[in-house]
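Just below is one structure, and these are the notes that go with it.
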């Protein structure tokens, strides 16, 4: 009885949360383009070691850059990534 109640509460919460905004599908082409742009804008500290982190910016800046790229349809202008100034 308790397991059914928990399951129904979890399903109701999931439906309530997902009903607010429709999800927009990102095409594989846009995702690949944005991944390449993120890798170019935030090069790794140590090539081949993702655990080493990025030489520029942090994970939050990378996520914001990727999100902005997806919103622009996989195209970014010449502006530097967020948190970095022009040189």
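With respect to (1) within 23 Å of residue 26 (Cα to Cα); (2) surrounded by 10 or more Cβ atoms within 10 Å (Cβ to Cβ); (3) at pLDDT below 85, the lone exception for residue 78 is condition (2). So, of the residues in the stretch 59-75 that are in contact (Cβ under 8 Å) with a residue 24 or more places away in the chain and not in a helix (DSSP H, G or I), which turns out to be surrounded by the fewest Cβ atoms within 10 Å (Cβ to Cβ)? Step by step, filter the stretch 59-75, then rank; the result is 75.
The values are calculated or read from the model by the stated rules, or taken from the named source; none is laboratory data. None of the values given here were measured: they were computed from a predicted structure. We place every Cβ from the backbone using ideal geometry, glycine too, and count neighbours over all the protein chains shown.
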